[in-house]
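All remarks here apply to the structure that follows.
Each reported figure results from applying straightforward, stated rules to the coordinates on display, with no laboratory input. Quick caveat, the model's predicted, so the values are computed rather than measured. Positions of Cβ are generated from backbone atoms using ideal geometry, with glycine treated the same way; all protein chains shown enter the neighbour counts.
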Amino acid sequence: MMATEETRVRQLIERWAAAISAQDRAGILADHSDDLLMFDFPSTVRGIGPYDRTWDFFFADPKGPIRFVPRELEVTAGADVAFATCLIRCEGTSAGVVELRLTTGLCKIDDKWVVTHEHHSVPTVESRFKGPAH
């Protein structure tokens, strides 16, 4: 049975998260564009080299096994453009347990999905968001 485009993107995100948990740098970088744009704290990163270097800080001074677990993964995929969003629970780094959000933008190049944009964020205090959006 042929995988749907949504399934292919979902599998890519799950492989990436598993590579992070395994501290597999080649696996983390696989499926990312050479000119990737990432919005992350504290700055914007452009290019696969600078993106790779962001993982130096992430893996420095671990406090146990690193676990990077996506949940509530939602994927929208067209013929050649897709995006995915999810929540991630991160454990084992020097920051302790961190709940973050991930948004990725992907393009299909030569029938292969490639991450061209990645955005990580941390929710602000939840109490600020009680009630309807204005």
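Scale the Cα Rg of the range 5-123 by the rule-of-thumb value 2.2 N^0.38 Å and send over the ratio, two decimals. Could the numbers behind the result be given before it?
Working: Rg = 13.6 Å, N = 119, 2.2 N^0.38 = 13.5 Å.
Compactness ratio reported: 1.00.
If the only charges are +1 at each Lys and Arg Cβ and -1 at each Asp and Glu Cβ, what is the size of the charge dipole of the chain around the Cα centre, to the nearest 20 debye?
On the way: 15 positive and 20 negative charges, 85 e Å.
The calculation lands at about 400 debye.
Which one, P70, W16, C107, is farthest towards the positive end of the dipole of the range 5-123 when Lys and Arg carry +1 and Asp and Glu -1 on their Cβ?
About the Cα centre, the residue reaching furthest to the positive side is P70.
Within the range 19-119, which trypsin sites (Lys or Arg not before Pro) sit in a loop by DSSP and count at most 13 neighbouring Cβ atoms inside 10 Å?
Details: sites: R25, R46, R53, K63, R67, R71, R89, R101, K108, K112; in loops: K63.
Those that pass, being in a loop and sparsely packed, are K63.
Normalised by the number of residues in the range 5-123, what is the relative contact order in percent for Cα pairs under 8 Å and 6+ residues apart? If you can, show how the numbers build up before the last one.
Working: 239 pairs, mean separation 30.8, N = 119.
The value is 26 percent.
Which order do R8, R15 fall in if you start with the one that has the fewest other Cβ atoms within 10 Å? Present the calculation step by step, with values, prior to reporting the outcome.
On the way: R8 18, R15 15.
By the 10 Å Cβ count, ascending: R15, R8.
How much mean residue ellipticity at 222 nm does the chain get from its helices, if each DSSP H run of length 4 or more adds -39500 (n - 2.57) and you divide by all residues, to the nearest 500 deg cm²/dmol? Could you put the intermediate results ahead of the total?
Values: 3 runs with 34 residues, N = 134.
Per the formula, -7500 deg cm²/dmol.
Choose one of V45, A60, H32: the residue whose Cα lies farthest towards the positive end of the charge dipole of the chain (beta-carbon charges +1 Lys, Arg; -1 Asp, Glu; about the Cα centre).
Comparing the listed Cα positions along the dipole, A60 ranks first.
Which FRET efficiency, nearest 0.05, do F57 and D34 yield, Cβ-Cβ r, R0 25 Å?
Values: r = 21 Å, r/R0 = 0.85.
That gives a FRET efficiency of 0.70.
Please give me the summed charge of the neighbours of K112: other residues whose Cβ is under 12 Å from its Cβ, Lys and Arg +1, Asp and Glu -1.
Working: positive: R8, K108; negative: E5, D31, D80, D110, D111.
Its environment carries a net charge of -3.
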